[in-house]
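Undergrad: Take a look at the following structure, please.
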């Protein structure tokens, strides 16, 4: 039986706990497709899982990674619409085809084994075929979580419309995927950045905010947002102590703001993002790629955790 290289996380105190194993190559079940993984995009979630800071379920000895692009190498007898050789990506949540994600039990690389391995077999319903484009495997892998999250933030509730203003906090994966910036603000040199946002917008505030700081930045986001605006809470990079937490309910009420938590998104939202990106050949930003292998992946985790990056960090298998 052919074997493959698989990375598993044996502990949750450091990404140094990653270990490489030889395991069987999976075959496609009746309603599954088997995929040769070509690239995996990393997220801050992967750092949080490896260091025990992820607030949702994680299985023991998990195969990490949730964002994969690759080629179909096997098709189950009950599968329609896919053939060997199709270039595809896999959804973050294998169970949610449309509508809101109902729990955290089906996200790859956390409660179930993920994609840092050479081959995966997944339900065909959780796979999105990619259009012809100039984008690389690493660019398409980067769309799985970050692209879906951005699309959900902008179109999952009240749709973004021409003329709206958007504030992206930081230069993490989701934020850079939403970029097309007219202005930049350095939060280190301008710690009261909400005031600067108000100056730039002539006191109107911004219509949409991609809020990835969490409890440590939500107060300034509420100060920076326009009346009737939208804040998409997509991360927890900057937590605050409980006794310093702002009155989010009161601040949101005072400005008629929608504060909406984003749990990545459904397959339908991913398909919408893929269609949009593919039709326009949007160059999804990838900064650096590392080769697949235990030591190289550890280096990739360390690079991502250093926050030196301004674009996506990926693992290539070819």
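The values are calculated or read from the model by the stated rules, or taken from the named source; none is laboratory data. Everything numeric in this text was worked out from a predicted model, so none of it was measured. Methodologically, a virtual Cβ is constructed for each residue, glycine included, from the backbone with ideal geometry; neighbour enumeration extends over all protein chains shown.
Undergrad: Those residues that are over 19 Å from the mean Cα position of the chain (by Cα) and on the phi > 0 side of the Ramachandran plot, I need them from region 197-217; list them, please.
TA: Step one: list which residues in region 197-217 are over 19 Å from the mean Cα position of the chain (by Cα), which gives 197-207, 215-217.
Within region 197-217, 202, 203, 205 meet the criteria.
Undergrad: Now for a separate question. Restricting to region 124-143, name every residue that is farther than 26 Å from residue 3 by Cα, touching a helix residue (DSSP H, G or I) at 6+ places or on another chain (Cβ under 7 Å) and assigned to a helix (DSSP H, G or I).
TA: 143 - this is the single residue of region 124-143 that is farther than 26 Å from residue 3 by Cα, touching a helix residue (DSSP H, G or I) at 6+ places or on another chain (Cβ under 7 Å) and assigned to a helix (DSSP H, G or I).
Undergrad: If you check 14, 24, 3, which single one turns out to be without any contact (Cβ under 8 Å) to a residue 40 or more places away in the chain and within 18 Å of residue 122 (Cβ to Cβ)? If you could, list the steps in order and put the result at the bottom.
TA: On the way: 14 fails: within 18 Å of residue 122 (Cβ to Cβ); 3 fails: within 18 Å of residue 122 (Cβ to Cβ).
Only one candidate passes the filter, namely 24.
Undergrad: Is region 73-88 home to any residue that is buried (at least 24 other Cβ atoms within 10 Å of the Cβ) and within 22 Å of residue 314 (Cβ to Cβ)? Talk me through it step by step, then tell me what you get.
TA: Keep residues of region 73-88 that are buried (at least 24 other Cβ atoms within 10 Å of the Cβ), which gives none.
No.
Undergrad: May I ask you to verify whether residue 194 is within 26 Å of residue 108 (Cα to Cα) and either in contact (Cβ under 8 Å) with a residue 24 or more places away in the chain or not assigned by TED's automatic domain parsing to the domain that holds residue 55 (or both)? Outline the logic, then answer.
TA: Numbers: within 26 Å of residue 108 (Cα to Cα): no; either in contact (Cβ under 8 Å) with a residue 24 or more places away in the chain or not assigned by TED's automatic domain parsing to the domain that holds residue 55 (or both): yes.
So residue 194 fails the test.
Undergrad: So how many residues does region 206-250 have that are in contact with a helix residue (DSSP H, G or I) (Cβ under 7 Å, 6 or more places away or on another chain), surrounded by fewer than 22 Cβ atoms within 10 Å (Cβ to Cβ) and part of a loop (DSSP other than H, G, I, E, B)?
TA: 7
Undergrad: Please go through region 82-99 and give me each residue that is under 16 Å from the mean Cα position of the chain (by Cα) and either assigned to a strand (DSSP E or B) or in contact (Cβ under 8 Å) with a residue 60 or more places away in the chain (or both), ordered by number.
TA: We begin by selecting, within region 82-99, every residue under 16 Å from the mean Cα position of the chain (by Cα); these are 89-94, 96.
If the condition is that a residue be under 16 Å from the mean Cα position of the chain (by Cα) and either assigned to a strand (DSSP E or B) or in contact (Cβ under 8 Å) with a residue 60 or more places away in the chain (or both), then 89, 90, 91, 92, 93, 96 are the ones that fit.
Undergrad: Test residue 230 against the criterion of being in contact (Cβ under 8 Å) with a residue 12 or more places away in the chain and within 21 Å of the chain's Cα centre (by Cα), and give yes or no. First the steps, then the outcome.
TA: Working: in contact (Cβ under 8 Å) with a residue 12 or more places away in the chain: yes; within 21 Å of the chain's Cα centre (by Cα): yes.
Yes, satisfied.
Undergrad: Report, by residue number, each residue of region 81-123 that is touching a helix residue (DSSP H, G or I) at 6+ places or on another chain (Cβ under 7 Å) and more than 22 Å from residue 61 (Cβ to Cβ).
TA: Result: 82, 89, 91, 96, 97, 98.
Undergrad: Residue 310 fails exactly one of the following numbered conditions: (1) assigned by TED's automatic domain parsing to the domain that holds residue 65; (2) farther than 21 Å from residue 166 by Cβ; (3) touching a helix residue (DSSP H, G or I) at 6+ places or on another chain (Cβ under 8 Å). What is the number of that condition?
TA: The one condition residue 310 does not meet is (2).
Undergrad: Looking at this structure, is residue 181 modelled with pLDDT under 95, surrounded by fewer than 19 Cβ atoms within 10 Å (Cβ to Cβ) and part of a helix (DSSP H, G or I)? Give the derivation first.
TA: On the way: modelled with pLDDT under 95: yes; surrounded by fewer than 19 Cβ atoms within 10 Å (Cβ to Cβ): yes; part of a helix (DSSP H, G or I): no.
Here the answer is no, as residue 181 does not meet what is asked.
Undergrad: Can we say residue 169 is modelled with pLDDT under 90 and outside the structural domain of residue 71 (by TED's automatic domain parsing)?
TA: On the way: modelled with pLDDT under 90: yes; outside the structural domain of residue 71 (by TED's automatic domain parsing): yes.
Answer is yes for this residue.
Undergrad: Within region 277-288, is even one residue more than 27 Å from residue 165 (Cβ to Cβ) and either at pLDDT 90 or above or surrounded by fewer than 17 Cβ atoms within 10 Å (Cβ to Cβ) (or both)? Walk me through how you get there before you give the answer.
TA: The initial filter retains those residues of region 277-288 that are more than 27 Å from residue 165 (Cβ to Cβ), namely 288.
So of that shortlist, the ones also either at pLDDT 90 or above or surrounded by fewer than 17 Cβ atoms within 10 Å (Cβ to Cβ) (or both) come out as 288.
Looking for residues that are more than 27 Å from residue 165 (Cβ to Cβ) and either at pLDDT 90 or above or surrounded by fewer than 17 Cβ atoms within 10 Å (Cβ to Cβ) (or both), one finds at least one in region 277-288, hence yes.
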